[in-house]
Every structure is written in structure tokens, then in C-alpha cells.
1. Restricting to segment 1-26, and then to whatever is in contact (Cβ under 8 Å) with a residue 60 or more places away in the chain and not in a helix (DSSP H, G or I), can you tell me which residue is surrounded by the most Cβ atoms within 10 Å (Cβ to Cβ)?
2. Restricting segment 27-56 to residues that are at pLDDT 95 or above and farther than 18 Å from residue 102 by Cβ, which is farthest from the chain's Cα centre (by Cα)?
Amino acid sequence: MRSADLTTIIRSIIILIVAYLVIIKFNLYFNIFLLIIAIVLDGVDGFLAIKEIDNSFSFLSYIKAQVLNNKKEKEKIKKLKLLTKEKAKYGARLDVAGDRIIEYTIFSLFVYLHFIPLLFLLISFFIHSFADALMGSKGTSSKMKTKLASIFYTSNWSRALANLLKIASFSMLIFSYQTGLFYQFTFALTTLLLIFIILRGSIEIFESIK
């Protein structure tokens, strides 16, 4: 098994552990720490997938491309990703599955705990189901070409914002549930995340059917 795929499986297992620990109200800060690890590992498996193609590729180069937007390193990653898809055609879709497991688990957890409306989970499930099915039939997000997609979906800042919103809103859900504090702020933050999910999902759907 590729190290990148193993990382995806590990982060999926971690989020299930987090869900159980939140239900039994285990240590608040440990729960949030595990949640952050699960989400951050999304970036790690991307690096590991590229590393398997080019063992000389460094994590510093990955950071330069993904965080600092270095054009030279971005172009190098783009070429390596094409080789990665040839070697493990299911890898990119497995990565998406890992993202969905985290999202659905957290939303399902707090619906189960009567902390957020069922509508949050249903909207997330609805938009992702259509977006993933259509994008899966076309390929991957790398085939997105419109200006709108490049700004709100494939750009580094939009990917970073999506993960930061997940970390912030999911962490606050855990914090608010276990302490009883800042519920209105947490609800607003989670609503903002849902709006961003709808925006990015709608772009996926548009790109797939246009």
C-alpha cells in the first residue's frame, strides 16, 4: 500500500476516534488536537504521493509551492502529480473520500448530539454527492479551467481557507459542546463553512457539466 493511501486511512480512523471521545466528553484539548491532526494529514498525504514519484522532492519544496505559491515549484508539482495519477489512478479519489469522511463524521456527530440542525448534514451530503459523482466521471479538479474555479477552488488560498474553516468550525463545535460556551459564534462559523462548501461544490458541478 502506498504511504499516501495509508495516511488517508489513518486520518479517517483518527476522526472516528475523535467522534467517540467527544461523545464521552474526553479531554477537550486532546480531542481538538486529534481533530487538527486528522485535517492537517490531508496535506501530508499529498506530499507523500509526490515523494513516491520523486524521492528527491523535499517537504520544503512542497511548502514553497502550496503555501508560498512559488511558480517554479508549483510547475514541478503539477508534472509530478500527472505521473502520480498514472501510477495510482484511484489515489486522488481516495483522498477525496478521506475529506468526506472527516466532514460527514463531524456533521453526523453533532446532529446526533442535537447540537446542529440535520439540514447542515443533508446540504453537505447533497452537494458533495453530485459534485463528487460528476467530477469523478471527468477526472480531477486539476482539469478545472474557468477563472471562477481557479479563484475559489484550485487556488492555494481557497484550499487553505477550506481547511482553516474546517479546523476552526469543527474545533469550536467540540469546544462549545463540551463547555457550553460560545454557541452562537460556533453556529455562525459552521454556517460560514457550509456556505463555502456550497460555493466550492457548485463550482465542481458547473465545471463538470459545462
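The values are calculated or read from the model by the stated rules, or taken from the named source; none is laboratory data. Remember, predicted model here, so these are calculated numbers, not experimental data. With ideal geometry, Cβ positions are generated from the backbone for all residues, glycine too; neighbour counts draw on all protein chains shown.
1. Per the stated criteria, the residue is 2.
2. The selected residue is 27.
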